[in-house]
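> Take a look at the following structure, please.
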Amino acid sequence: MSAILRLSLVVLVVSLPLHAQACTLWGAAGADAADGTILSKNRDWKPDHQQSLKLVRPAQGYAYFGLYAEGNDEPGLKAGVNEKGLSIVSASSNIPNASRQRQSGKHGIMIDILRRFASIDALLPQADRIFAASYANFFMIADAHKLLVAEIGLDGRFRYKVVDQGATAHTNHYLDDALAGQFEDQPGRSSATRLARVNELLAQAPRPLTAEQFAQISRDHHDGPNNSLWRNGREHTLASWIISHPKNSAPHLRVVLNNPGQDESIQEFTLDEAFWQKNDNP
């Protein structure tokens, strides 16, 4: 092997992202939302698996409805809402998986939150303990009155904020300087580009924001196959999850499933009492 070829291979390996998978999260609350709050996630991943929607009734706690990945290297719940109207979505941290998974005693927290808490106000007194036990990750949580945005780093460190007015967004790098300093790496190009774009679209959209506007933002192709909000390059956008939480009526959920090898499907659900009383999955 020539020296030039060896150097080329080294450059290629160094330039590859350490944690390639990605998602984009955004939401709105208060006067910026049409009524209550709106929460959205574009789920990006390698197109090597399937996804499904499941209604789960745990032996203890609240029932919840969620988007599940199946058959890939990180299966499980990716977005969910419980019968009390608390919803949660996640996005991957840019900390490499090897570092994330070496954290002794850390675990996923999404199901625990959905099973146990009816609102953000109910979660807040226990938020420090719950977030300190999580793998490094990003979360956005919503009820009918406010949003909570959490950044989880290494070694039990975290930051979160409650948003009851305005629009907010997150991708796959730390916005808190102290947490970003735990991992010496610049934000990936895709993560930085998607964050700038979703914030630009949110700022330009007329108020109050609606789920229909969120659906249009979700489909944005402005920055090409690898850096757009809706992607079809190294990774594909495999799902869109948009949930509206009105203050005085049942939440409304819109899910796009873009499973590899299948026709894209759009499903909508009114999460009223009749929905939660169903014995079978929708």
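> Within segment 199-239, take every residue that is small (Gly, Ala, Ser) and not in a helix (DSSP H, G or I) and give me the one that is farthest from Ile95 (Cα to Cα).
Ala205
> Oh, and also: Name the single residue, out of those in segment 89-109 being in contact (Cβ under 8 Å) with a residue 40 or more places away in the chain and under 24 Å from Ala28 (Cα atoms), that is surrounded by the fewest Cβ atoms within 10 Å (Cβ to Cβ).
Among residues in segment 89-109 that are in contact (Cβ under 8 Å) with a residue 40 or more places away in the chain and under 24 Å from Ala28 (Cα atoms), the one surrounded by the fewest Cβ atoms within 10 Å (Cβ to Cβ) is Ser92.
> So how many residues does segment 108-141 have that are part of a helix (DSSP H, G or I) and not small (Gly, Ala, Ser)?
Adding up the residues that qualify gives 17.
> Looking only at segment 92-107, which residues are assigned to a helix (DSSP H, G or I) and of a type in the set (D, E, K, R)?
If the condition is that a residue be assigned to a helix (DSSP H, G or I) and of a type in the set (D, E, K, R), then Arg100 is the only one that fits.
> Same structure, new question: Using beta carbons and a limit of 6 Å, which pairs, at least six apart or on different chains, have the first residue in segment 54-78 and charged (D, E, K, R) and the second one at pLDDT below 95 and loosely packed, with under 13 Cβ neighbours inside 10 Å?
Lys54/Asn281
> Being among the acidic types (Asp, Glu) and touching a helix residue (DSSP H, G or I) at 6+ places or on another chain (Cβ under 9 Å) narrows it down to one of Asp220, Asp272, Asp263, Asp177, so name that one.
Asp220
> Assuming Asn281 fulfils every condition listed in (1) in contact (Cβ under 8 Å) with a residue 60 or more places away in the chain; (2) surrounded by 12 or more Cβ atoms within 10 Å (Cβ to Cβ); (3) in contact with a strand residue (DSSP E or B) (Cβ under 7 Å, 6 or more places away or on another chain) apart from one, which condition is it?
If we test Asn281 against (1) in contact (Cβ under 8 Å) with a residue 60 or more places away in the chain; (2) surrounded by 12 or more Cβ atoms within 10 Å (Cβ to Cβ); (3) in contact with a strand residue (DSSP E or B) (Cβ under 7 Å, 6 or more places away or on another chain), just (2) comes out false.
> Mind checking which strands (runs of 3 or more DSSP E) fall wholly inside segment 22-86 and carry at least 3 residues that are surrounded by fewer than 21 Cβ atoms within 10 Å (Cβ to Cβ)?
So the answer is 50-56, 64-70.
The values are calculated or read from the model by the stated rules, or taken from the named source; none is laboratory data. The structure presented is a predicted model; accordingly, all values stated were derived computationally and were not measured. With ideal geometry, Cβ positions are generated from the backbone for all residues, glycine too; neighbour counts draw on all protein chains shown.
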